[in-house]
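Have a look at the structure below before the remarks.
Computed from the coordinates by the stated procedures, all read-outs in this text should not be read as laboratory data. All figures in this text were calculated on a predicted structure; none of them were measured in a lab. For neighbour counting, all protein chains shown are included, and Cβ atoms are generated from backbone atoms with ideal geometry for every residue, glycine included.
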Amino acid sequence: MRTSSGRPGRRLPAVVAALALGAGAAVAVPGADAQAADPAYQVLVFTKTAGFRHDSIPAGVAALRTLGAANNFTVTATEDSSAFTPEGLAGYEAVVFLNTTGDVLGDAQQNALGSYVEAGGGFVGVHAAADTEYEWAHYEQLVGARFKSHPAIQQATVINEDRSHPATAHLGAEWRRTDEWYNYRTNPRPGVRVLQSLDEASYSGGEMGADHPITWCHAQGAGRSFYTGLGHTAESYSDPAFRALLLGGIRYAAGVAPADCGSGGGGTDPVTVEGESFSSGSGVQVAGHGGASGGATLGYIDNGDWVGYSSVSTVGVGSFTARVSSAGAGGTIEVRSGSQSGPLLGSVQVAPTGGWETFTTVSTALTGAGFGPLFLRFTGGAGALFDIDTFTLETAPAAGEGLSPNVHLFYYPWYGSPSVLGSWRHWQQGGRTPPDDIGADLYPKLGPYDSGDITGAVDQHMRWVARSGAGVIVYSWWGRGGYEDGLARKVMDAAQRQGIKVAWHLEPYGGRTARSTVDDIRYINDTYGSHPAFHRDAAHGNRSVFYVFESLRIGDWSALDEVRGTSIVLAQTTDTTKVAHFSGLYTYDGIAGATAPGWKQAGEYARANGLVWAPSVAPGYIDDRAVPGNTTPTLGRDNGAAYDRQWSNALDPAVGGDPAWVSVTSFNEWHEGSSIEPAAARPPAGHGYQTFSGAYGKTGEAAETAYLDRTKLWVDRFETARAAAGKAGGP
């Protein structure tokens, strides 16, 4: 027995062997009749290669035929690309790319496969499916990631992160197996549900670091996609555990076995783990305690000790709670991802409880971005610190959870800087000389950023958008092949990571006509429509959304009739005589919302004619530094009162006309001073910049996010009012 004064000397090697969690390999595979209840269905197995050809393909086809015969699906194997037509694919519930390589489909065949999955079909990619169709941009999204390289065939440890999926439910926490282990050009985790990852410390030649996904799944439009990097060797296809993995992937893709394939981590929520069930560690031991869950704790914890739990994923976790006791010095639990020195997700203090049998609960929020298995590291004073009985991880709210699809923020991706683009873009408006002197009356908290800085500025933007409660950005788009068009997919990737959707603001580029606008809408739908972040409004027939800026410049919009069945197209006006052929109206004007001229009539007209009414609200408007000498009116923010006034007008049916959506001018139109993006509390001196200080009673840095948080308040009020009125389409 220990006493409060210390503990016995160490008795074990520095690295402790695995205990209960993480010690298992593959367990018994379900019998051949396990899926007898599945309805009969058809699966197309495609094995065409235009590059390296795996000699395991025949074994793979034979294994899939055997699985089909035992599990009520019929396999059709082909290397004929002509099978990929809408009619040809219609009879299949899933399509398997089995070790395909190179460019194996023509343009029409690619479109047929993409449309098939988007409309509800299933896709399964095995191993070299990631080494296929490099010229088809959409394919990377369909499969999840593209092949980069591989080392020699060797044994490695597969970490089964999510064992709730039918493809991995038969496996233990870890799986030691021999295969050819792919490295991928990008990490797919932000957009998929990772089911298995590789422990790169268990083999040589891994190039992805502590987070190396190898099997994953994700929703693709109305369909489903499953991919595994396993399956290079012919021997794999006679392995019952690998066959069961393939079977589960096919059943999921075919829609007969449901699974949670939303992006993020796996497993159930919350996850409670016995502290003593670590799979690796240094210094610690199991300590017996009659009052502990299971009669034991993680004990003998000194400063600098650590433990790892290979089967406990940190992906998406939002909080950590532990049941602890301490008759020692107390100390700190550090929650880390991937390794004992990996990213710190959070930490919690443990104070002495008065005895080793006296337990209490401590908890902390986790704010980092977890990507791998859980590790705990311990710090404190001399001697024994504390014991851990159990701990619980709960996931953070899912990306997009609680965001309103009915509040849209106008978003501008037109900025550039020398560090990314090679030169300044837009910040120099008004003859300014960035970085300190920019064409705006407010100075961004991020400084004059580059819209191509996706992992920096744009990822931060999307976190701020999510904080505002708005679920949709309206992307400023200036034509095919332009700067903004070139960044669109990357910005959408960032939006997807936060559950944000993307609608489109069609700007008045030179030579724009009604016909070119229709062509632009078709181009955007075709080019970006399969992206998970592409916005389709569920309350209006799942149609895509387009705002047409300065629509009054064109008199005849009859060409829009060609796309109204698939797209909602809004005119920028409250003049109801100017909206023929449009699907609705919006205002954009950052000043007019203060008095809401024509809003009530526009809203009533929209409601009577089945149109969408989306008035625009703004926190203020000032463009003096961007347009020196400009005599157009400005609108002061009045410490937030101006923004509240516009929101109040929009939500008052007697003034605002009962909108379907509210659009916000803007998230980041810095030239016009209408942004809710955080502005620096201490901008460069000598240029006369304004700040948000004073907004809603906040000053200094606390005021930088004031308009984001105020937007959230109004979003919640809007959705509450919609719910009370029985309207669909809330968060």
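The table that follows gives values for the structure above.
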quantity	calculated
Loop sites in segment 76-182: GluC sites (Glu not before Pro), DSSP, at most 12 other Cβ within 10 Å	GLU135
Calculated [θ] (222 nm, deg cm²/dmol) that DSSP helices of n ≥ 4 give over the chain, each run adding -39,500 (n - 2.57)	-5500 deg cm²/dmol
Where GluC sites (Glu not before Pro) fall in DSSP loop in segment 611-701, at most 10 other Cβ within 10 Å	none
Burial order of peptide ranges 682-692, 527-537 (average beta-carbon count within 10 Å, highest first)	527-537, 682-692
All-pairs alpha carbon distance profile, segment 41-254, 10 Å steps from 0, percent	9, 39, 40, 12, 1
Hydrodynamic radius by Kirkwood, which averages 1/r over all alpha carbon pairs of segment 276-395, in angstrom	13.9 Å
Label point 7 Å beyond Cα of THR595 along Cβ direction - residues of segment 653-678 with amide nitrogen under 18 Å	655-657
Dipole magnitude of the chain, debye to nearest 20 (Cβ charges: Lys/Arg +1, Asp/Glu -1, about Cα centre)	780 debye
Å³ per residue enclosed by the Cα convex hull of the chain	187 Å³
Qualifying chymotrypsin sites (Phe, Trp or Tyr not before Pro) for segment 382-465 [loop in DSSP, other Cβ within 10 Å: at most 15]	none
